[in-house]
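Only one structure is covered here, and it is reproduced in the block below.
Read-outs: derived from the displayed coordinates by stated rules, not from any lab. Every value quoted in this text rests on a predicted model; they were computed, and no experiment measured them. Because the Cβ atoms are built from the backbone with ideal geometry, glycine has one as well, and the counts that use them run over all protein chains shown.
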Amino acid sequence: MIGLLTEFASSLLICVLTAAAVHKLVQRHRLAVATSSLLGVGLPVGSVLSLAAAACEGLAAVAILSPAGRVAGAMLAAGLWVVYATALAVARLRGGAPFDCGCSFGTRARPIDALSLGRPLLLAAVAILVATSPAEPSTIGIFTAFAALAFFTLFWAAGELAALPSPKRRQVR
């Protein structure tokens, strides 16, 4: 059972990391702006940091594919998500204005809320689970990979729904 859970979690991490890396490469300018806004640095520095994050995410995804690199890849992913959550928490404490975090398909400026902070921490916890689970000689099975892909799709869709502005309620007078 632990092996199946680890396979599922590993597959999920690979999906999330790959999508995040590709997203940063496809929408380079948008994610550079998001990074510079979040960290309060200039656009050139934000661009370099965003590309560095994409490289680390891609490296972590590839490492998790290999039983020999699974622990290192999962720890790299956990570290990235903890750094991101910390940057979000600091920005929230600074009282920063809503900004587009780049976490969804469309450009949407949002305040940093509990979901924004909780998502990277949840992913970091999953990565730590993968890193600390006993090594299994098996590889990721096709059914486990499809289950993780389906869960990732639901995870991404939930993020898209959460990024939508809340409906305005009519006030009854």
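The residues listed here are ARG30, ARG70; of these, the one that is more than 14 Å from the chain's Cα centre (by Cα) and either farther than 25 Å from ILE128 by Cα or of a type in the set (Ser, Thr, Tyr) (or both) is ARG30. Tell me whether the stretch 77-88 contains one or more residues that are without any contact (Cβ under 8 Å) to a residue 24 or more places away in the chain and at positive phi. Checking the stretch 77-88: not a single residue is without any contact (Cβ under 8 Å) to a residue 24 or more places away in the chain and at positive phi. Within the stretch 106-116, the set of residues being within 22 Å of GLN27 (Cα to Cα) and either in a helix (DSSP H, G or I) or β-branched (Val, Ile, Thr) (or both) comprises THR107, ILE112, SER116.
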